[in-house]
Amino acid sequence: MPRADYQLIKLLSLGPSVQRLMTYQQGCFAGGTMIRLAKDLAENNKGARILVVCVESSAIGFRGPSKSNVDNLVAQALFGDEAAAIIIGSDPKPSVEMPVFEIVSVAQSFVPNGDCHLALHLCGMDLTFHCTKGVPPTIAKNVRELLNKGIGAFGNFKLELTSLDSSPRRECNCGSSGKRIGPRAQEVTGHEEYSS
């Protein structure tokens, strides 16, 4: 069966030998993981431009409500089908390329004891979602340390989020995380505004 990368190559009229990498079943952290890998590839291959396409389809988990698994209904309310694309490179050509963003640092880490809070179980023909009430406090407890690790390579200082942006509006974007996670992250990081 042709994979999605094959279809994308045809749609964009790219050559059949274009280098590519596909990952599956990565869930919420797929986009961040691929941006981290693309940044490394771009910085270590002069002149390379990396197209990252992230698509998440939740159709496999879509079903009617169940009294035995309310978490599925919560997942269907929070998560949906989504897609995004970005081109990542280093050493932009000034006369041709005008980058909108600069990726300064990308880091990845496990949250200690976080493996028990979110789970997808594939059993038979079903993909079921399980979530505990511990997700918001676990993220809130660990977000500052993880952000400090992300920018720690750029100096010996601790993160003061409110000083990173001098504009009056600051956002903490936690993706499709729900209304319990965002306010907790906002509280810990000192952000003035939460968006989901």
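The values are calculated or read from the model by the stated rules, or taken from the named source; none is laboratory data. Bear in mind the structure is a predicted one, so any value in this text is a computation, not a measurement. Neighbour counts run over all protein chains shown; Cβ positions are idealised from the backbone, glycine included.
Going residue by residue through the range 134-146, is there one that turns out to be in a loop (DSSP other than H, G, I, E, B) and farther than 21 Å from Thr33 by Cβ? The answer is yes, given that some residue of the range 134-146 is in a loop (DSSP other than H, G, I, E, B) and farther than 21 Å from Thr33 by Cβ. Of all residue pairs spaced 6 or more apart or on separate chains, those with beta-carbon atoms under 9 Å, a first member in the range 130-145 that is under 23 Å from Gln76 (Cβ atoms) and a second member that is in a helix (DSSP H, G or I) and of a type in the set (Lys, Arg) are Pro136/Arg184; Ile139/Arg184. Suppose we filter the range 58-69 for residues that are of a type outside the set (Gly, Ala, Ser), exposed (fewer than 11 other Cβ atoms within 10 Å of the Cβ) and at pLDDT below 80; how many remain? Qualifying residue count, the range 58-69: 1.
I'm trying to understand the selection: among the residues of the range 87-104, which are in contact (Cβ under 8 Å) with a residue 24 or more places away in the chain, assigned to a loop (DSSP other than H, G, I, E, B) and of a type outside the set (A, V, I, L, M, F, W, C)? Across the range 87-104, the qualifying residues are Ser90, Asp91. Of all residue pairs spaced 6 or more apart or on separate chains, those with beta-carbon atoms under 7 Å, a first member in the range 105-119 that is more than 15 Å from Ile139 (Cα to Cα) and modelled with pLDDT of 75 or more and a second member that is aliphatic (A, V, I, L, M) and not in a loop (DSSP other than H, G, I, E, B) are Ser105/Ile151; Ser105/Ala153; Val106/Ile35.
The number of residues in the range 29-57 being of a type in the set (A, V, I, L, M, F, W, C), loosely packed, with under 14 Cβ neighbours inside 10 Å and assigned to a helix (DSSP H, G or I) comes to 1.
Of the residues that sit in the range 113-133 and are in contact with a helix residue (DSSP H, G or I) (Cβ under 7 Å, 6 or more places away or on another chain) and assigned to a loop (DSSP other than H, G, I, E, B), which one is nearest to Pro65 (Cα to Cα)? That would be His117. When the criteria are applied in full, Asp71 meets the requirement of being in contact with a strand residue (DSSP E or B) (Cβ under 7 Å, 6 or more places away or on another chain) and within 24 Å of Tyr24 (Cα to Cα).
Could you say whether any residue in the range 84-95 is surrounded by 10 or more Cβ atoms within 10 Å (Cβ to Cβ), out of contact with any helix residue (DSSP H, G or I) (no Cβ under 9 Å at 6 or more places or on another chain) and small (Gly, Ala, Ser)? The answer is yes, given that some residue of the range 84-95 is surrounded by 10 or more Cβ atoms within 10 Å (Cβ to Cβ), out of contact with any helix residue (DSSP H, G or I) (no Cβ under 9 Å at 6 or more places or on another chain) and small (Gly, Ala, Ser). Scanning the range 25-46 finds one or more residues that are basic (Lys, Arg), within 16 Å of the chain's Cα centre (by Cα), modelled with pLDDT of 90 or more and on the phi < 0 side of the Ramachandran plot.
Answer yes if at least one residue in the range 11-23 is loosely packed, with under 14 Cβ neighbours inside 10 Å, at pLDDT below 85 and among the β-branched types (Val, Ile, Thr), and no otherwise. Scanning the range 11-23 turns up at least one residue that is loosely packed, with under 14 Cβ neighbours inside 10 Å, at pLDDT below 85 and among the β-branched types (Val, Ile, Thr).
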